[in-house]
Amino acid sequence: MATLLRSKLSNVATSVSNKSQAKMSGMFARMGFQAATDEEAVGFAHCDDLDMEHRQGLQMDILKSEGGEEGAEPLEGDIHYQRDGTGPLPPSASKEAGVCSELSGQGKPKITAWEAGWNVTNAIQGMFVLGLPYAILHGGYLGLFLIIFAAVVCCYTGKILIACLYEENEDGEIVRVRDSYVDIANACCAPRFPTLGGRVVNVAQIIELVMTCILYVVVSGNLMYNSFPNLPVSQKSWSIIATAVLLPCAFLKNLKAVSKFSLLCTLAHFVINILVIAYCLSRARDWAWDKVKFYIDVKKFPISIGIIVFSYTSQIFLPSLEGNMQNPKEFHCMMNWTHIAACILKGLFALVAYLTWADETKEVITDNLPSTIRAVVNIFLVAKALLSYPLPFFAAVEVLERSLFQDGNRAFFPNCYGGDGRLKSWGLTLRCALVVFTLLMAIYVPHFALLMGLTGSLTGAGLCFLLPSLFHLKLLWRKLLWHHVFFDVAIFVIGGICSVSGFIHSLEGLIEAFRTNAED
């Protein structure tokens, strides 16, 4: 009897525990911290309930073996569950068990190489290619060479970054031992500073994501101002209007709805690029080939380096992408064709656009279009920018909240979420403050090329050139061939020089622009 009483009490405690776990699973799924939909959150709850029932059955089976006598009536619950797992499941549980196996990773859907390639293409063929003709303006043929060189280097560093995820086990097999860029960075700094590398990568990621948000606000204000120059609305005012539209991003819990619109806008962006190229081809007789030269503008070309590098940044999400591929062996081939395609399209787009407008090429190339079609094209681009803003904003918020508010005992501040999973008022205030910060930066430094060059030189070069080559040398130097070592060292040195020079010149330009705007 005492044993039965202990079993009942244990069952009650287990039930309460599993219900709370189910609530927590659903809460985190709704908050967007897991790659889970609402249906998956329900699945997590079912898994918890099944686990509770299974443990209850085990306890009843143990009870029977301990206190049951031969011929005694079996206790309720032990007919379905056996410790060896051979007993039949209830009809209502068979489907739920399938859900559990799927959510545990056994049946998790994977993406094909084509789908992975689409994700990479979407990252490196975004609307920031609109600034590449401006890079050719200050670099000439050297700027075109840099577009090709950056594609080759970013493709190579993407591959060696993925190589850092793997190590050879005792049986001589290559196995995946790390999952993310942060894991690689932490492994390089261990054992003395086991979390330093991850913090550096997180800071670089936050800077890049926030700067991307700022660029979306800048380009929105710029495009609207140049589309309707006769309206008594300044570029700063257009930026404020764009930010007012973006303010609801502070209330985002997931990006399910936004992602669908973003996909449509990406397709529209490709159409716009084709329209721009078609217009340039219609003026092929007037192309200014004599304007493309081998000399460079020493003061402004380093900014062009940052612009080009920033247009290729995708390394930060490559580990996750490779880990979700059906056949990870196809990753190298996927990187090759995506970067070859990007190199060709970017080079042609930048060259054709510059040949059409030559020295009159503006920071955002669509501003050079005739007024008859400029407004339509720019409105589509503004829609693309506004619908793309939530993606980097939500990612930046997630990194900040995880690092500062939710990192267990290592968190710097109290949790910004309440016990019911709702965002606290001061947490919402911080999100709104981040949106306002992107607006202030866009107002005081409304220069698309300078901001893009600064970001590319600082975080783009660091995440795409410097850190992958450094990590590759640190983790795998014993197994590297001499030419791999040479490539890594060369990329690190060249990338460091380009990063420093581009950062200094971009920062000087931004300081000058900031002073000019402050005086006005």
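With respect to (1) outside any helix (DSSP H, G or I); (2) in contact with a Ser or Thr (Cβ under 7 Å, 6 or more places away or on another chain), the lone exception for P319 is condition (1). When the stretch 137-156 is filtered for residues that are of a type outside the set (S, T, Y), more than 16 Å from C498 (Cβ to Cβ) and at pLDDT below 90, the ones remaining, listed by number, are L137, G140. Scanning the stretch 138-162 for residues that are more than 26 Å from the chain's Cα centre (by Cα) and either of a type outside the set (F, W, Y) or open to solvent by less than 20 Å² (accessible area, probe 1.4 Å) (or both) yields a total of 6. The residue of the stretch 313-341 that is farthest from S499 (Cα to Cα), among those that are at pLDDT 90 or above and touching a Cys at 6+ places or on another chain (Cβ under 6 Å), is M335. Against the list (1) within 20 Å of F448 (Cα to Cα); (2) modelled with pLDDT of 90 or more, the condition I344 fails is (1). Please verify whether the stretch 98-106 includes one or more residues that are of a type in the set (S, T, Y), over 16 Å from H332 (Cβ atoms) and either surrounded by fewer than 21 Cβ atoms within 10 Å (Cβ to Cβ) or modelled with pLDDT under 90 (or both). Yes, the stretch 98-106 contains a residue that is of a type in the set (S, T, Y), over 16 Å from H332 (Cβ atoms) and either surrounded by fewer than 21 Cβ atoms within 10 Å (Cβ to Cβ) or modelled with pLDDT under 90 (or both). Taking (1) open to solvent by 10 Å² or more (accessible area, probe 1.4 Å); (2) more than 14 Å from A341 (Cβ to Cβ); (3) of a type outside the set (D, E, K, R) in turn, A135 satisfies each apart from (1). Tell me whether the stretch 125-133 contains one or more residues that are among the aromatic types (F, W, Y) and either over 30 Å from F294 (Cα atoms) or at pLDDT below 70 (or both). The answer is no; no qualifying residue exists.
Whenever a residue of the stretch 163-177 is surrounded by 12 or more Cβ atoms within 10 Å (Cβ to Cβ), its partners that are part of a loop (DSSP other than H, G, I, E, B) and among the aliphatic types (A, V, I, L, M), lying with C-beta atoms within less than 6 angstrom and at least six residues away or across chains, give the pairs E167/V177; R176/L165. Is the stretch 486-494 home to any residue that is farther than 24 Å from P133 by Cα and of a type in the set (D, E)? Yes, the stretch 486-494 has at least one match.
Could you tell me whether V382 is at pLDDT 70 or above and farther than 21 Å from G198 by Cα? Yes; evaluated as a whole, the condition is true for this residue. Scanning the stretch 344-379 for residues that are over 25 Å from K293 (Cβ atoms) and open to solvent by 10 Å² or more (accessible area, probe 1.4 Å) returns P370, S371, T372, I373, R374, A375, V376, V377, I379.
Residues that are modelled with pLDDT under 75, in a helix (DSSP H, G or I), over 27 Å from I365 (Cβ atoms) and not charged (D, E, K, R) within the stretch 232-258 comprise just one, A257. Taking first residues from the stretch 298-313 that are closer than 20 Å to C213 by Cβ and open to solvent by less than 10 Å² (accessible area, probe 1.4 Å) and partners that are modelled with pLDDT of 85 or more and among the basic types (K, R), the Cβ contacts under 7 Å between residues at least 6 apart in sequence or on separate chains come to S311/K346. Counting only helices (runs of 4 or more DSSP H) that sit completely within the stretch 444-520, those holding 3 or more residues that are without any contact (Cβ under 8 Å) to a residue 60 or more places away in the chain, surrounded by fewer than 15 Cβ atoms within 10 Å (Cβ to Cβ) and not aromatic (F, W, Y) correspond to 482-519.
Taken as a whole, the stretch 330-343 holds at least one residue that is crowded, with 21+ Cβ neighbours inside 10 Å, of a type outside the set (A, V, I, L, M, F, W, C) and closer than 28 Å to V271 by Cβ. Criterion first (touching a Phe, Trp or Tyr at 6+ places or on another chain (Cβ under 9 Å) and under 20 Å from G456 (Cα atoms)) does Q235 satisfy it? Answer is no for this residue.
The values are calculated or read from the model by the stated rules, or taken from the named source; none is laboratory data. Just so it is clear, the model here is predicted, and its values are computed rather than measured. Backbone-built Cβ (ideal geometry, glycine too); neighbour counts: all protein chains shown. Side chains included, ligands, DNA and RNA excluded: accessible areas come from the protein's heavy atoms. Shrake-Rupley method; radii C 1.70, N 1.55, O 1.52, S 1.80 Å.
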